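Below is one structure, written out as structure tokens, with a few remarks after it.
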Amino acid sequence: MCCGETAQHDGPIKVHPNGWGCLWLENGKINTLHGSESFADALSNIDIDSIRTKFLAVHVRHATLSKNIGVQFSHPLFRQCNSTAWYLMHNGFLPTIYPHLSLDVSHFDSAEYLEYIVDHINPGDFTRYYLSGKMASLAPGSSSGNAFFITGDKAWAWQWYPENTLLQSYFTMHLYQNGNTKYIASEQVLALGEASHWRQMLNHELYEISLAE
């Protein structure tokens, strides 16, 4: 995906070379790794064999704005809200959130997205209706809010893009289940399962994953 090898869509972006991040759950604790280089270049230096987990999330990044390149912009992003630690992996561009945070300009849309969504909410109230309402309040100009939101005991895959988008196939996530293993990806990864076994997620679909041991 980082190198564009799985791209089968009509979107303009095929490769994602501007940083990467991994998140996994081990013994009830969330672990993360980040890098600023291409994930393909970083992979040989990651001790994959030492990771034993029931949940793994990987983000490979294409930076919409060149000013937002660097390890500090690599996902997952983190925000502590009340007693909940939230993590975000986002695909898309949301440049009109900043007025809702009383900012004069947008500094980093994904970080603003995380703050906009999770501040002043408990994980139990994190529903499709809540998210759809928050996104409906934004001024036009966004491309996608597709994301994984992750806490210590739950994760959610959220698909949202404007109804008038010209890039529906690019911003459609895909889900495949093989036995007890579930894969959710921005593109079908045919090395994991043939195309007919993947299903497209629906716009405004929120898919919840329990991380409880």
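The values are calculated or read from the model by the stated rules, or taken from the named source; none is laboratory data. From a predicted model like this one, the values you see are computed outputs, not experimental measurements. Positions of Cβ are backbone-derived with ideal geometry, glycine not excepted, and every protein chain shown enters the neighbour counts. Only protein heavy atoms, including side chains, enter the accessible area calculation; ligands, DNA and RNA are left aside. Shrake-Rupley method; radii C 1.70, N 1.55, O 1.52, S 1.80 Å.
Worth a mention:
- Carbon plus sulfur fraction of accessible area for the chain, probe 1.4 Å, in percent: 50 percent
- Close amide H pairs (under 5 Å, H built 1.01 Å from N) link residue 146 with 91, 160, residues at least 5 positions away or on another chain.
- The chain: Lys pairs at Cα distance under 28 angstrom, eight or more positions apart or on different chains: 11
- The structure shown yields semi-axes √(5λ) of the Cα gyration tensor in Å, and of the options [x] 29, 18, 16; [y] 24, 21, 19; [z] 32, 24, 14 that calculated value carries the label [y].
- Net +/- balance of residues flanking residue 116 in space, Cβ distance below 14 Å, scoring K and R +1, D and E -1: -2
- Over the chain: helical MRE at 222 nm, DSSP H runs n ≥ 4 each giving -39500 (n - 2.57), nearest 500: -3000 deg cm²/dmol
- Backbone phi angles across region 130-147, fed through the Karplus curve with coefficients 6.51, -1.76 and 1.60 (θ = phi - 60°), yield HN-Hα couplings of 4, 5, 4, x, 5, 6, 5, 7, 7, 5, x, x, 8, 9, 6, x, 3, 6 Hz in residue order; Gly and Pro are listed as x.
- About its Cα centre, the dipole of region 27-155 is roughly 300 debye, where the only charges are +1 on Lys and Arg Cβ and -1 on Asp and Glu Cβ.
- Residues with amide H under 5 Å from that of residue 81, placed H, sequence gap 5 or more: 86
- Shape summary of region 120-196, radius of gyration then Dmax from alpha carbon positions: 14.6, 42 Å.
- In the context of the full set of protein chains, residues of the chain present 52 Å² of accessible surface per residue (probe radius 1.4 Å, heavy atoms only).
- Residues in region 24-32 carry Karplus couplings, in order, of 8, 9, 9, 6, x, 10, 7, 10, 9 Hz; the curve used is 6.51 cos²θ - 1.76 cosθ + 1.60 with θ = phi - 60°, and Gly or Pro positions show x.
- Cα gyration tensor shape for region 1-115, rounded if a/c is under 1.5, else prolate or oblate: oblate
- Order by protection proxy (mean Cβ within 10 Å, highest first), peptides 155-165, 96-106: 155-165, 96-106
- What you get for region 112-170, charging only the Cβ of Lys and Arg (+1) and of Asp and Glu (-1), is a dipole of about 160 debye around the Cα centre.
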